[in-house]
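Here the structure comes first, spelled out in structure tokens, and everything after it is commentary.
The values are calculated or read from the model by the stated rules, or taken from the named source; none is laboratory data. Remember, it's a predicted structure, so these values are computed and weren't measured experimentally. A quick note on method: Cβ atoms are made from the backbone with ideal geometry, for glycine too, and the neighbour counts reach across all protein chains shown. For the accessible areas, the whole protein counts, side chains as well, though only heavy atoms, and no ligand, DNA or RNA atoms are used. Shrake-Rupley method; radii C 1.70, N 1.55, O 1.52, S 1.80 Å.
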Amino acid sequence: MASLSVPGVEDPDETGLSAPVCRTVTPDGDVLLLVPGDSAAARAAAHAQDDDLTAVMEITDVAPVSVPHRIRGRAWVAGWLTPVRNEQRAEAARLLAERHPVGELLGIGEALQPEPAPGLYGRTAWMMLRLEVGEGAVDDLWGAEQVEPDEFATAAPDPLAAHEAELLQHLHAAHHEQVRGLCALLGDRQAFCRLRDGAVPVGLDRFGLRVRFTDAEQRSFDARFDFPEPVRDVAELRRAMHLLFEAAAE
């Protein structure tokens, strides 16, 4: 989930207009956002002078499985907000469409029109905005730290990010007993883990799997199971998971 705020500009939460419909990152490290044309952020950007409008985007990472305390982390990106104009619009639309080829992005045709026009659900045209990153921060299961603009620009998406939700849901539904059996790899926590009722996979990336173990009294802890080496795709993930399950079964 993402929200966009512009200091000093009011946008009542109940309208839902502060949430970008979709977003992506350009090769240069700018963030492209598609927002309703009648949102406060769009209006403020349209009337701003060059790059003097500061804005903050907050991203909340929520586990795609049903567990207590589902928020896995938050990230903040702050910088300068401007409308995407003229010849840059077609390229920005292409990048956004690659990230979100369906759904509300079907309104991109209205967003490219020179004048506001009726968009989806009776709203005015969509507007594409560019957020030039000045600073960033992350606070998640691994800790909190600042992110410099050049680090943000050169960071590559995790190869499993696009599939993480369905992979976690599949592990939880089809391999629950094997996931629960991973407690055999916990060393000193192994005996304690055997008393627990639930085991839910809550995070998955190229480096490993995170599982939340919970007992009948709703006490829980997270355990991280690292892969022998980073995986590059779903096929390598399948092999890595088999190795984990086999090691736990020995």
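The table below lists the values:
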{"read-out": "Hits in region 55-80 - residues which are over 13 Å from the mean Cα position of the chain (by Cα) and open to solvent by 30 Å² or more (accessible area, probe 1.4 Å)", "value": "56, 66, 68, 69, 70, 80"}
{"read-out": "Lone unmet requirement of (1) touching a residue at least 60 places away in the same chain (Cβ under 8 Å); (2) outside any strand (DSSP E or B); (3) surrounded by fewer than 15 Cβ atoms within 10 Å (Cβ to Cβ) for residue 157", "value": "(1)"}
{"read-out": "Given (1) in a helix (DSSP H, G or I); (2) over 26 Å from residue 237 (Cα atoms), number of the condition residue 170 does not satisfy", "value": "(2)"}
{"read-out": "Matching option when the condition is within 24 Å of residue 44 (Cβ to Cβ) and open to solvent by 80 Å² or more (accessible area, probe 1.4 Å), among 85, 89", "value": "85"}
{"read-out": "Hits in region 208-250 - residues which are of a type in the set (Gly, Ala, Ser), in a helix (DSSP H, G or I) and either in contact (Cβ under 8 Å) with a residue 12 or more places away in the chain or open to solvent by 70 Å² or more (accessible area, probe 1.4 Å) (or both)", "value": "240, 247, 248, 249"}
{"read-out": "Where residue 152 falls short, out of the listed (1) modelled with pLDDT under 90; (2) surrounded by 13 or more Cβ atoms within 10 Å (Cβ to Cβ); (3) within 15 Å of the chain's Cα centre (by Cα)", "value": "(1)"}
{"read-out": "Answer from 184, 199, 161 - the residue that is at pLDDT below 95 and over 22 Å from residue 61 (Cα atoms)", "value": "184"}
{"read-out": "Pairs, first aromatic (Phe, Trp, Tyr) in region 79-93, second at pLDDT below 85, C-beta under 8 Å, six or more apart", "value": "80/51; 80/52"}
